[in-house]
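Scroll down for the structure; my scribbles are underneath it.
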Amino acid sequence: MDKLSTVMAVEQAVKQRSLGEGSGHDWWHIDRVRNMALHLASEEKADAYVTELAALLHDVDDWKFSENPAELPEVKHIMAEALVPEKLQERIATIIHETSFKGAGVQTPISSIESACVQDADRLDAIGAIGVARAFAFGGAKQRPLFEPEIAPENHDDFAAYQQNGGHTINHFYEKLLLLKDRMQTKTGKLMAFERHAFMEVYLERFMAEWNGDA
Ligand code: ADP
Ligand code: NI
């Protein structure tokens, strides 16, 4: 298969699995991440083909839905069907493992420029106006309250503690979303995160003012 046919086969398989998903990990999240990752890749002179395939596949076996995120079974199945060569499959698997946020106190280093582009693109989609929408969509899908004033945010030092956390959605801003701007890997990503971050701060201020009846 040529590169275009492979991308199209992977895109179709991912789209079929993710259309209509209700926790903010639907097809349009994948499509936005793919487009942003390709934009970052062109700025950073990263390999567009590897970046696009990894971006398309990055959430298929995410720990939030998959029974076996370490092995990436669905990702491997899709890549095999699309005849992605073995060596490239390994590169893509590495990028996917490096992409996810794993807790406020856990570093998520990247080992390639393509990985930087996918990680930044995924994180940009978790902040700003879209990020606010996705956070509450995820919280709703998990039956989490919007806010519980008595439950303070936590700093998770390991991935397992972060995964087990079931707090309210406003805490998620302090436990993850507001930390992302300082963890961007690419120059373009950093610039874009700055503005999206500022929007979230205004949003949270307004949320609290309305919560307290001050606005
Ligand atoms: P990552 O792999 O880095 O978690 P995803 O693409 O899976 O990135 O995006 C995670 C999305 O789910 C984010 O938009 C985030 O706001 C939302 N999310 C994750 N955990 C929570 C939570 N505890 N409360 C609210 N939203 C959450
Ligand atoms: Ni994602």
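Neighbour counts of other Cβ atoms within 10 Å put Ile113, Ile127 in the fewest-to-most order Ile113, Ile127. Here is the tail figure for the chain: Cα pairs spaced more than 22 Å apart come to 50 percent of all pairs. Within the stretch 39-61, name every residue whose backbone N is under 16 Å away from a label modeled 7 Å from Cα of Arg183 along the Cβ vector. Correct set: none at all.
What is the fewest-to-most order of His172, His97, His58, His77 by other Cβ atoms lying within 10 Å of their Cβ? Intermediate results must be reported in sequence, preceding the final value.
Working: His172 20, His97 16, His58 28, His77 13.
Lowest count first: His77, His97, His172, His58.
Multiply the residue gap between Ile151 and Asp62 by 0.36 nm, knock off their C-alpha separation, and tell me the result in nm, one decimal place.
Contour length minus the Cα-Cα distance gives 29.3 nm.
For the pair the stretch 84-99 / the stretch 165-215, the C-alpha centres are spaced 31 Å from each other.
With a Förster radius of 25 Å applied to the C-beta separation of Gln164 and Asn212, the computed FRET efficiency comes to 0.25. So if R0 is 22 Å, what FRET efficiency would Gln16 and His97 give, r being the distance between their Cβ atoms, rounded to the nearest 0.05? FRET efficiency, Gln16 to His97: 0.40.
Using a simple spin-label model with pseudo-atoms 7 Å out from Cα toward Cβ, Leu4 and Glu43 lie 2.8 nm apart. Is any residue of the stretch 155-179 close enough, with backbone N under 14 Å, to a label point placed 7 angstrom from the Cα of Lys142 along the Cα-Cβ axis, and if so, which? Correct set: 155-156, 159-177. Here the spin labels are modelled as points 7 Å beyond Cα on the Cα-Cβ line, and at Ala133 and Asn35 they lie 1.1 nm apart.
Every read-out reported here was derived from the displayed coordinates using simple, explicitly stated rules and does not represent laboratory data. Predicted model, so just to flag it, every value in this text is computed and none were measured. All Cβ positions, glycine included, derive from the backbone under ideal geometry; neighbour counts span all protein chains shown.
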